[in-house]
Amino acid sequence: MRTITSVCPLRCQAVTFMKISVPFRHQLECSLKLQCTNHRQGCLEQIFYGKLEYHERTCQFELANCLNQGCSMRCTKNKMDEHKLQCVYALEICQFCQRDIVKFQMPVHLSAECQLVLVNCDLCNDEVSRRELNLHKSNSCLKVTVKCSHYP
């Protein structure tokens, strides 16, 4: 009998195994039930040893990191969709300039940065884009005060 070092089905560390026959291995894989490693996060599954690896790769209770840049949130896969909807680091598309803006920065973007957002002219109250406001005031605003070149 030859011994090999492998991983124990019960997840014991550095266990020495004996090589076993294929029928016995099949019997072991189909009869030994184990807890998922994600049981602390809420997975209640008892899985046959032969299907454990697949289950743990697809388990919705596995912890995962939020993929939004800057976010350090770590939660189970089954709660990630809910987190993504609320994540302040998620990207949103500005309705005016169509740029991707981080959710928590959107109010500043709309109030001061976006050049395509519509603003009211403080003289005539017409709506123009922020980018065109100065041009509007100098060329087309009907309420702008123009200094007459003939008046001293």
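Of everything listed in (1) over 30 Å from Gly42 (Cα atoms); (2) of a type in the set (Asp, Glu); (3) at pLDDT 95 or above, the single unmet condition for Asp126 is (3).
Where in the stretch 1-105 are the helices (runs of 4 or more DSSP H), entirely inside, with at least 3 residues that are modelled with pLDDT under 75 and surrounded by 11 or more Cβ atoms within 10 Å (Cβ to Cβ)? I'd like the intermediate steps shown before the answer.
Details: elements: 22-31, 49-58, 77-86.
Answer list for the stretch 1-105: 22-31.
Looking for whichever is in contact (Cβ under 8 Å) with a residue 12 or more places away in the chain, more than 30 Å from Cys43 (Cα to Cα), exposed (fewer than 14 other Cβ atoms within 10 Å of the Cβ) and of a type in the set (A, V, I, L, M, F, W, C) here; the options are Leu135, Leu110, Leu116, Leu142. Which one fits? Of the residues listed, the single one that is in contact (Cβ under 8 Å) with a residue 12 or more places away in the chain, more than 30 Å from Cys43 (Cα to Cα), exposed (fewer than 14 other Cβ atoms within 10 Å of the Cβ) and of a type in the set (A, V, I, L, M, F, W, C) is Leu142. Beta carbons closer than 7 Å, at least 6 apart along the sequence or on distinct chains, pair a first residue in the stretch 47-73 that is farther than 30 Å from Gln105 by Cα with a second that is surrounded by 16 or more Cβ atoms within 10 Å (Cβ to Cβ) and of a type in the set (A, V, I, L, M) for Ile47/Leu34; Tyr49/Leu34; Leu52/Leu34; His55/Ile47.
The values are calculated or read from the model by the stated rules, or taken from the named source; none is laboratory data. This structure is a prediction, so every number in the text was calculated from the model and none was measured. Neighbour counts run over all protein chains shown; Cβ positions are idealised from the backbone, glycine included.
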